[in-house]
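Take a look at the structure below.
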Amino acid sequence: MDYKAFSQGISALVRPQSFPVGMKFVRDPADMPREAVRPSKYGIRISLCQWTTMARRWGRVTGAVAEDINCSPCLAALGLKRLESLTHLSEYFVEMGYFASMELAEAAVRELDPIPWGTIGGISIFPLDAAPVDPDIILIYGSPAQMARLAAGHVYHTGKLIESKSTGFGLSCLSAVKPYLSGKPAFVHPGRGERILAGTDETEMFFTFPAADCESLLDGLKKTHEKGTRYPVQKYIIYEPPVIKSVKNLEEKLR
């Protein structure tokens with residue numbers, strides 16, 4: 001797949017305000033793309049969503065492994081560090097005030113289904129038009145209207161509706177990565193953590209999907225565009241507006 005051409009197609013048909021980005025997952029940190037900028041370059045540790053923002057807004061090739069990340073929920077959910085018991089994550093959720101009881105927190109953690117430790121050793125995130133390697137999944141940020149446009153492109157060739165789950169409070173990093181394992185796309189509503197730490201705007205959400213779906217998605221966008229499903233949304237303006245009294249009074253004085 002020509003990912004630069006794909007990125008240009010998305011820019012033309014969906015017009016996102018940030019670069020479409022790819023994610024590459026490695027088991028061995030030594031396999032991280034050599035171009036990837038890690039937080040250690042700046043002498044810091046980060047929340048992974050910050051590096052997504054750097055890739056999609058700054059156009060940088062970024063990378064991170066466990067030692068680069070100080071967001072323990074992310075480390076636990078992505079399996080970058082060993083989570084001895086799911087109860088520990090449930091206890092964190094209760095301590096943060098996200099659930100009324102341990103029982104509810106434990107049910108939510110089971111549904112979240114954290115990634116087993118060792119599945120991922122490192123993650124590189126990069127703008128698609130400067131992809132140093134073939135990505136495993138793609139993330140496209142935008143408005144709800146732009147997400148609807150992407151949905152139309154997706155269902156054109158697949159006939160499959162897109163399902164989403166949201167906590168409202170965070171772990172959008174886990175939701176972003178899930179298509180890598182499930183093979184299914186998802187819409188993600190970034191929660192509190194990403195909006196605070198990574199500067200994700202309150203109007204933004206994102207579409208995440210396997211890189212293998214790029215060709216089908218882009219063709220679906222082109223075909224639906226030809227039939228009139230487009231972005232920006234074509235608001236209907238071919239009508240005669242009603243005239244209020246003051247406008248009518250002025251009209252009567254015009255010659």
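The values are calculated or read from the model by the stated rules, or taken from the named source; none is laboratory data. Keep in mind it's a predicted model, so treat the numbers as computed, not measured. As a convention, Cβ positions derive from the backbone with ideal geometry for all residues, glycine included, and neighbour counts pool all protein chains shown.
Quick notes on this one:
- Residue check, residue 212 over 11 Å from the mean Cα position of the chain (by Cα), modelled with pLDDT of 95 or more and either of a type in the set (Gly, Ala, Ser) or closer than 20 Å to residue 3 by Cα (or both): yes
Every residue, every condition in (1) at pLDDT 95 or above; (2) among the hydroxyl-bearing types (Ser, Thr, Tyr); (3) in a helix (DSSP H, G or I), yes or no:
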{"position": "41", "(1), (2), (3)": "no, no, yes"}
{"position": "44", "(1), (2), (3)": "yes, no, no"}
{"position": "54", "(1), (2), (3)": "yes, no, yes"}
{"position": "75", "(1), (2), (3)": "yes, no, yes"}
{"position": "82", "(1), (2), (3)": "yes, no, no"}
{"position": "89", "(1), (2), (3)": "yes, no, yes"}
{"position": "99", "(1), (2), (3)": "yes, no, no"}
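- Residue in the stretch 200-208 that is in contact with a Cys (Cβ under 9 Å, 6 or more places away or on another chain) and either aliphatic (A, V, I, L, M) or over 19 Å from residue 13 (Cα atoms) (or both) present: yes
- Some residue of the stretch 166-174 being assigned to a helix (DSSP H, G or I) and over 29 Å from residue 71 (Cα atoms): no
- Selection status of residue 175, out of contact with any helix residue (DSSP H, G or I) (no Cβ under 7 Å at 6 or more places or on another chain), surrounded by 14 or more Cβ atoms within 10 Å (Cβ to Cβ), closer than 17 Å to residue 114 by Cα and not β-branched (Val, Ile, Thr): yes
- Only listed residue being acidic (Asp, Glu), within 18 Å of residue 170 (Cα to Cα) and surrounded by 14 or more Cβ atoms within 10 Å (Cβ to Cβ), chosen from 95, 106: 106
- Residue within the stretch 133-149 that is under 25 Å from residue 89 (Cβ atoms), surrounded by fewer than 18 Cβ atoms within 10 Å (Cβ to Cβ) and either without any contact (Cβ under 8 Å) to a residue 60 or more places away in the chain or not acidic (Asp, Glu) (or both) present: no
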